[in-house]
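See below for the structure under consideration.
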Amino acid sequence: MRLIPTDPRRRATLVAAAVAVVCAGAVAVVATSAMSPAPMPSSTRAAVAQSTAPVRTPTPSPTATPGAVDAPASTTIATVRGADVPVSAAPGAAAASSLANPQASGAPLVFRVVGQRDGWVQVQLPRRPNGSTGWVPDSAVSLSTTVYAIVVTEADNTLDLYRAGKVVDSYPVATGTGGTPTPTGRFALTELLAPTNGGYGPFAYGTTAFSDVLNSFGGGPGQIGLHGTEDASSIGQAASHGCIRMHNADITTLVKTLPLGTPFQVR
């Protein structure tokens with residue numbers, strides 16, 4: 001099984017994860033880890049989700065208008081402690097829903113925190129519509145921080161890596177086509193995967209972003225991913241179903257750096 005470090009500062013906790021994203025159209029199984037960076041893992045076989053035709057969303061979800069860069073000098077991350085976490089519409093309000101930990105895919109439940117108030121934290125939720133948030137008790141999560149953020153600019157098909165609010169590296173990427181655009185907005189990384197189907201590189205992050213055009217794809221919910229590719233000629237182009245493609249060496253570099261909960265903006 002592929003062992004992937006998701007936060008080099010926390011103690012190791014290995015959890016099997018599987019998810020289908022719009023870019024791959026397949027289940028990718030991985031063991032996520034919060035250990036120090038380790039040598040790159042060996043391959044493993046895993047089940048593949050049944051491929052289905054894309055289903056278009058009748059009404060696109062609202063997304064943020066491109067604007068200021070979302071690359072804070074520090075971001076708080078919330079890792080759920082127990083087997084589930086209640087989610088409320090406001091601090092102190094009754095729970096409107098409950099999210100299981102680990103997720104249905106087997107991945108640990110980790111949030112980007114966007115607000116804090118009186119024993120509660122406001123978190124980005126991995127659900128439609130894009131930009132959904134909810135409040136969870138701070139007693140139900142462990143809080144940490146990251147100084148990293150990534151920003152994708154569609155106009156020039158680049159991904160900038162920020163550390164403490166400043167650009168430290170830039171990578172060429174492929175983004176969505178005119179018919180299947182990458183949604184713009186402020187999101188977060190939610191899962192780290194090792195694709196088992198060819199064509200998607202060694203690693204893929206699942207995100208809180210969902211396609212505004214495809215309501216489902218390849219058996220998945222139209223979730224936007226950040227992944228490698230075997231089609232290097234597509235990098236620098238508008239060529240995907242909405243996911244962000246990177247050179248395999250570049251996504252491998254990011255995997256060694258970015259924990260789950262890292263801010264991810266498309267503008």
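The values are calculated or read from the model by the stated rules, or taken from the named source; none is laboratory data. Only a predicted model underlies this, so the values are computations on that prediction, with no experimental measurement involved. Note that we place each Cβ from the backbone using ideal geometry, even for glycine, and neighbour counts take in every protein chain shown. Accessible surface is based on the protein model in full, side chains and every heavy atom, while ligands, DNA and RNA are left aside. Shrake-Rupley method; radii C 1.70, N 1.55, O 1.52, S 1.80 Å.
Taking residues in the stretch 62-81 that are open to solvent by 20 Å² or more (accessible area, probe 1.4 Å), and partners anywhere that are modelled with pLDDT under 95 and not charged (D, E, K, R), the pairs with Cβ atoms closer than 8 Å and at least 6 places apart or on different chains are 79/108. Regarding residue 240, is this residue at pLDDT below 95, closer than 28 Å to residue 123 by Cβ and not acidic (Asp, Glu)? Spelling it out, it is not the case that residue 240 is at pLDDT below 95, closer than 28 Å to residue 123 by Cβ and not acidic (Asp, Glu). Considering the stretch 252-267 alone, what residues qualify as being part of a loop (DSSP other than H, G, I, E, B) and over 13 Å from residue 113 (Cα atoms)? Once the filter is applied, which keeps residues that are part of a loop (DSSP other than H, G, I, E, B) and over 13 Å from residue 113 (Cα atoms), the stretch 252-267 yields 256, 257, 258, 259, 267.
The numbered conditions (1) surrounded by fewer than 23 Cβ atoms within 10 Å (Cβ to Cβ); (2) under 24 Å from residue 257 (Cα atoms) are all true for residue 155 except (2).
Based on this model, can you work out whether residue 182 counts as in contact (Cβ under 8 Å) with a residue 40 or more places away in the chain, more than 30 Å from residue 86 (Cβ to Cβ), touching a Ser or Thr at 6+ places or on another chain (Cβ under 7 Å) and not in a strand (DSSP E or B)? Spelling it out, residue 182 is indeed in contact (Cβ under 8 Å) with a residue 40 or more places away in the chain, more than 30 Å from residue 86 (Cβ to Cβ), touching a Ser or Thr at 6+ places or on another chain (Cβ under 7 Å) and not in a strand (DSSP E or B). When residue 212 is tested against (1) part of a loop (DSSP other than H, G, I, E, B); (2) closer than 20 Å to residue 249 by Cα; (3) acidic (Asp, Glu), just one condition goes unmet, and that condition is (2).
Quick one: is residue 192 touching a helix residue (DSSP H, G or I) at 6+ places or on another chain (Cβ under 8 Å) and either over 18 Å from residue 131 (Cβ atoms) or free of Cβ contacts under 8 Å to residues at least 40 places away in the same chain (or both)? Before you say what the answer is, go through the steps one by one.
Numbers: touching a helix residue (DSSP H, G or I) at 6+ places or on another chain (Cβ under 8 Å): yes; either over 18 Å from residue 131 (Cβ atoms) or free of Cβ contacts under 8 Å to residues at least 40 places away in the same chain (or both): yes.
Spelling it out, residue 192 is indeed touching a helix residue (DSSP H, G or I) at 6+ places or on another chain (Cβ under 8 Å) and either over 18 Å from residue 131 (Cβ atoms) or free of Cβ contacts under 8 Å to residues at least 40 places away in the same chain (or both).
Is it true that residue 241 is of a type outside the set (Gly, Ala, Ser) and open to solvent by 10 Å² or more (accessible area, probe 1.4 Å)? Reasoning before the result, please.
Values: of a type outside the set (Gly, Ala, Ser): yes; open to solvent by 10 Å² or more (accessible area, probe 1.4 Å): yes.
So residue 241 fits the description; yes.
Pairs meeting the criteria (first residue in the stretch 95-112 and without any contact (Cβ under 8 Å) to a residue 60 or more places away in the chain and open to solvent by 40 Å² or more (accessible area, probe 1.4 Å), second residue among the small types (Gly, Ala, Ser) and not in a strand (DSSP E or B), beta carbons under 8 Å, at least 6 apart or on different chains) are 96/89; 100/83. Can you tell me which condition residue 192 does not meet? The list is (1) at pLDDT 95 or above; (2) in a strand (DSSP E or B); (3) open to solvent by less than 40 Å² (accessible area, probe 1.4 Å), and all the others hold. With respect to (1) at pLDDT 95 or above; (2) in a strand (DSSP E or B); (3) open to solvent by less than 40 Å² (accessible area, probe 1.4 Å), residue 192 is out only on (1). Checked against the criterion of being within 23 Å of residue 113 (Cβ to Cβ), open to solvent by 10 Å² or more (accessible area, probe 1.4 Å) and within 18 Å of the chain's Cα centre (by Cα), the candidates 205, 162 yield just one match: 162.
Residues in the stretch 135-150: is at least one closer than 19 Å to residue 229 by Cα, open to solvent by less than 20 Å² (accessible area, probe 1.4 Å) and either at pLDDT 95 or above or out of contact with any His (no Cβ under 8 Å at 6 or more places or on another chain) (or both)?
Start the filter on the stretch 135-150 by keeping residues that are closer than 19 Å to residue 229 by Cα, which leaves 150.
Next, from what is left, pick out any that are open to solvent by less than 20 Å² (accessible area, probe 1.4 Å): 150.
Filter once more, so that each one left must be either at pLDDT 95 or above or out of contact with any His (no Cβ under 8 Å at 6 or more places or on another chain) (or both): 150.
Yes - at least one qualifying residue is present in the stretch 135-150.
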